[in-house]
Amino acid sequence: MTNTSLETDVLVAGSGGTGLAAAYAAAEKGLKVTVIEKLDQIGGNTRISSGFFAINSKEQQAAGMHMSTQEAIDRLTNYNHYLGNGALISHIVNSAADTLEWLEDMGMEIKLNPTANTTQYAHRGDDYKGGSYHMYQHKDQGYKNIQKTLENAGVTFKFNTTLQDLKSAEGKITGATAVDAEGNTFDINAKATVIATGGYGGDKEAVAKKMRTPNLRTLGVPSMGEGFKAMIKNGATDLDSTALIHAAQLAKSTVTQTTSDSHLAGFSHSALTQLLLTPMLWVNLSGKRFANEETVYDTVEWANAAWSASGKYFFVVDQATLDTFTAEKNPLEVSQAGPGADTEPGDFTELANAAVEGQTAFKGNTLDELAENAGMDADTLNATVAKYNDAVAAKNDPEFSKSAQSLAFSVENGPYYAFISQVAYLGTVGGVRVDENLDVLDANFKPIPGLFTGGANAGGYYEGHSYPAYEGLASGFSWTSGRIAGTSAANYVTQYAVAH
Ligand SMILES: Cc1cc2nc3c(=O)[nH]c(=O)nc-3n(C[C@H](O)[C@H](O)[C@H](O)COP(=O)(O)OP(=O)(O)OC[C@H]3O[C@@H](n4cnc5c(N)ncnc54)[C@H](O)[C@@H]3O)c2cc1C
């Protein structure tokens, strides 16, 4: 095992969208840039993501969509009750369309998803929510092209190399220490450092603590938060880091982490997902209803509602509902939000019984028996079902305002089934307090000299504990904030060089 010392102008830790954009922006300014990446390839969670939120792009204009960045800023700001960093939100939204084209020039093919094609049916007719998603095409080729573009610009990549800590001297960040897969260590001296390590979604314990529930299911690359912790240790503040909760899964779904055209992350290919993604009766672990189930048509609101019920809930159906699905007579629209549903026909009774066998669902010939098997409170479940059946009969839901159309399935003919659903999260988002140029700020709101961040490590864009319901927001933020962070780091280095 060796200990090597390295010199660079700009060190970038992590090579997702944030790190790649930061590295290229700094290299474009003629600086020596070194990227260290824990895995053996570039891309991180950004590589798994599907698209980029941008406003007033050339493609939107060509499609006749006249979208104002001001309206987007207002909407994002309002969504989070003015708790976000207004200057940062404004800078990002105003830079996103240009960054999108810059990314295309780096070698990524991108295509606007028309509003009418949104898989989030609650976003139909809303160009800002449903028509801002610019989808990556042929991603593997795109990332190959990007790596080549960066290498041609002089960027050096060191793969299988994990940032361990930041180095500092006289109140400035002076680089970092890192270790490779063989245990060789690196002492890297850098005039500026960009932490682009993508949050701490791989650290399940830290996420459970932050989200105050152990019931969330994880997806994404195993980012353990070394970069995030190193920034905190060096004076940064954890402003709003949180799990990017996103839809729910059937329990024990096989998570493949591979995207396909119709299934965002391969949560599950069972036809039972049609029940998961239809606004059935939802109850919490005690048997109490907790939300308007039509939130299933919006990935984020669905996850948020389910999180409020501990991140785990049951959807409850009776035999008549299973028979209706088997006969392909379901009158309701099956949502394609989040992972999307598998729309193949099936014998739903057979599938439900297999789920009971596999302990991902519970069954009871009576509601009392169902409650006992699922660990719910029988009185609570009976009262919930009675109230819900009244709402279905009256086509009026005084409790949660579900629409008459969605009040389609009563729960009255046993046997009854309760399927376990769990909220999934796509890494963490939010993070340390930054200014609009992605300088990391200390406790006194002053930049920590030499330290920059972006993407899933930077706070103030989402704020609160909710990722707003705009498609591609996090992925777009990674590229756009990374580009700004890289430019800021380069400007800092240039000024540093002048001052010394
Ligand atoms: C399955 C999935 C689907 C998603 N879909 C969407 C979507 O469609 N739209 C959207 O807006 N958002 C989506 N997201 C979220 C979005 O992709 C991320 O929030 C965003 O891409 C984060 O970018 P980043 O550059 O900050 O981090 P990442 O892209 O995750 O990059 C971080 C990189 O740092 C590396 N790293 C971690 N620790 C270290 C270390 N100590 N040293 C060196 N390297 C390290 C990682 O290996 C990784 O390569 C999705 C996420 C997932 C998991």
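The values are calculated or read from the model by the stated rules, or taken from the named source; none is laboratory data. None of these values were measured; they are calculated from a predicted model. Here the Cβ is made from the backbone with ideal geometry for all residues, glycine too, and neighbour counts use every protein chain on show. The protein model used for the area step is the full one, side chains on, heavy atoms only, and it has no ligands, DNA or RNA in it. Shrake-Rupley method; radii C 1.70, N 1.55, O 1.52, S 1.80 Å.
Among the listed residues E372, E399, E412, identify the single one that is open to solvent by 60 Å² or more (accessible area, probe 1.4 Å), under 30 Å from T242 (Cβ atoms) and at pLDDT 95 or above. Give the steps one after another, and end with the answer.
Details: E372 fails: under 30 Å from T242 (Cβ atoms); E412 fails: under 30 Å from T242 (Cβ atoms).
Selected residue: E399, the only one of E372, E399, E412 that is open to solvent by 60 Å² or more (accessible area, probe 1.4 Å), under 30 Å from T242 (Cβ atoms) and at pLDDT 95 or above.
Give the stretch 1-16 a look and list any residue that's near the ligand (Cβ under 8 Å from one of its atoms) and among the β-branched types (V, I, T), or say none.
In the first step, residues of the stretch 1-16 are kept if they are near the ligand (Cβ under 8 Å from one of its atoms); the result is 13-16.
None - no residue of the stretch 1-16 is near the ligand (Cβ under 8 Å from one of its atoms) and among the β-branched types (V, I, T), so the list stays empty.
For the stretch 370-403, enumerate the residues that are more than 21 Å from Q274 (Cβ to Cβ) and in a loop (DSSP other than H, G, I, E, B).
G375, M376, D377, K395, N396, D397, P398, E399, F400, S401
Among the numbered conditions (1) buried (at least 24 other Cβ atoms within 10 Å of the Cβ); (2) in contact with a Pro (Cβ under 8 Å, 6 or more places away or on another chain), tell me where D435 comes up short.
The single condition D435 does not satisfy is (1).
So which of A192, A178, A196 ends up being at pLDDT 95 or above and either more than 16 Å from the ligand (Cβ to nearest atom) or open to solvent by 40 Å² or more (accessible area, probe 1.4 Å) (or both)? Reasoning before the result, please.
Details: A178 fails: either more than 16 Å from the ligand (Cβ to nearest atom) or open to solvent by 40 Å² or more (accessible area, probe 1.4 Å) (or both); A196 fails: either more than 16 Å from the ligand (Cβ to nearest atom) or open to solvent by 40 Å² or more (accessible area, probe 1.4 Å) (or both).
Every option except A192 fails the conditions.
Could you run through the stretch 332-369 and say how many residues are β-branched (V, I, T), in contact with a helix residue (DSSP H, G or I) (Cβ under 6 Å, 6 or more places away or on another chain) and surrounded by fewer than 16 Cβ atoms within 10 Å (Cβ to Cβ)? Reasoning before the result, please.
Let us first name the residues in the stretch 332-369 that are β-branched (V, I, T), namely 334, 343, 349, 356, 360, 366.
Okay, now just the ones that are also in contact with a helix residue (DSSP H, G or I) (Cβ under 6 Å, 6 or more places away or on another chain), so 334, 349.
If we keep only those that are surrounded by fewer than 16 Cβ atoms within 10 Å (Cβ to Cβ) too, we end up with 349.
Adding up the residues that qualify gives 1.
Please determine, by comparing only the residues of the stretch 279-288 that are touching a helix residue (DSSP H, G or I) at 6+ places or on another chain (Cβ under 7 Å) and in a loop (DSSP other than H, G, I, E, B), which one is nearest to L473 (Cα to Cα).
From the stretch 279-288, those touching a helix residue (DSSP H, G or I) at 6+ places or on another chain (Cβ under 7 Å) are 279-283, 286-288; that's our starting set.
Still in the running and in a loop (DSSP other than H, G, I, E, B): 279-280, 286-288.
Working: P279: 26, M280: 29, S286: 34, G287: 34, K288: 33 Å.
Selected residue: P279.
Scan the stretch 260-288 residue by residue and report those that are at pLDDT below 95, surrounded by 17 or more Cβ atoms within 10 Å (Cβ to Cβ), in contact with a Gly (Cβ under 9 Å, 6 or more places away or on another chain) and closer than 26 Å to Y136 by Cβ.
H263, L264, A265, F267, T273
Which of (1) open to solvent by 20 Å² or more (accessible area, probe 1.4 Å); (2) part of a loop (DSSP other than H, G, I, E, B) is the odd one out, the single condition E471 does not satisfy?
(1)
Please tell me if G14 is surrounded by 24 or more Cβ atoms within 10 Å (Cβ to Cβ), touching a residue at least 60 places away in the same chain (Cβ under 8 Å) and in contact with a helix residue (DSSP H, G or I) (Cβ under 8 Å, 6 or more places away or on another chain). Show your work before the answer.
Numbers: surrounded by 24 or more Cβ atoms within 10 Å (Cβ to Cβ): yes; touching a residue at least 60 places away in the same chain (Cβ under 8 Å): yes; in contact with a helix residue (DSSP H, G or I) (Cβ under 8 Å, 6 or more places away or on another chain): yes.
So G14 passes the test.
Could you tell me which residue of the stretch 33-46 is farthest from the ligand (Cβ to nearest atom), considering only residues that are open to solvent by 40 Å² or more (accessible area, probe 1.4 Å) and part of a loop (DSSP other than H, G, I, E, B)?
The initial filter retains those residues of the stretch 33-46 that are open to solvent by 40 Å² or more (accessible area, probe 1.4 Å), namely 38-41, 45.
Filter once more, keeping what is part of a loop (DSSP other than H, G, I, E, B): 38-41.
Working: K38: 4, L39: 4, D40: 10, Q41: 8 Å.
Ranking the candidates gives D40 first.
Kindly list the number of the only condition in (1) more than 18 Å from S475 (Cα to Cα); (2) modelled with pLDDT of 95 or more; (3) surrounded by fewer than 22 Cβ atoms within 10 Å (Cβ to Cβ) that fails for M106.
(1)
Out of all the residues in the stretch 455-463, is one or more touching a strand residue (DSSP E or B) at 6+ places or on another chain (Cβ under 6 Å), open to solvent by less than 20 Å² (accessible area, probe 1.4 Å) and outside any loop (DSSP other than H, G, I, E, B)?
Within the stretch 455-463, one or more residues are touching a strand residue (DSSP E or B) at 6+ places or on another chain (Cβ under 6 Å), open to solvent by less than 20 Å² (accessible area, probe 1.4 Å) and outside any loop (DSSP other than H, G, I, E, B).
Residue by residue, here is whether (1) open to solvent by 40 Å² or more (accessible area, probe 1.4 Å); (2) touching a strand residue (DSSP E or B) at 6+ places or on another chain (Cβ under 6 Å); (3) of a type in the set (S, T, Y); (4) more than 16 Å from the ligand (Cβ to nearest atom) holds:
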site	(1), (2), (3), (4)
T18	no, no, yes, no
A23	no, yes, no, no
L31	no, yes, no, yes
I48	yes, no, no, no
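Checking I55 against (1) open to solvent by less than 10 Å² (accessible area, probe 1.4 Å); (2) more than 8 Å from the ligand (Cβ to nearest atom); (3) not in a loop (DSSP other than H, G, I, E, B), which test does it fail?
(3)
Give the stretch 289-322 a look and list any residue that's open to solvent by 20 Å² or more (accessible area, probe 1.4 Å) and in a helix (DSSP H, G or I), or say none.
Across the stretch 289-322, the qualifying residues are E294, T295, Y297, E301, N304, W307, S308, Q319, A320.
Scanning for something within 14 Å of the ligand (Cβ to nearest atom), of a type outside the set (A, V, I, L, M, F, W, C), in a helix (DSSP H, G or I) and within 22 Å of L426 (Cβ to Cβ), does the stretch 96-110 turn up at least one residue? Working first, answer last.
Here is the first cut: in the stretch 96-110, the residues within 14 Å of the ligand (Cβ to nearest atom) are 96, 99-100, 103, 108, 110.
Narrowing the set further to residues that are of a type outside the set (A, V, I, L, M, F, W, C) leaves 99.
Next, only the ones that are in a helix (DSSP H, G or I) stay: 99.
Retained after the next criterion (residues that are within 22 Å of L426 (Cβ to Cβ)): 99.
Among the residues of the stretch 96-110, at least one is within 14 Å of the ligand (Cβ to nearest atom), of a type outside the set (A, V, I, L, M, F, W, C), in a helix (DSSP H, G or I) and within 22 Å of L426 (Cβ to Cβ), which makes the answer yes.
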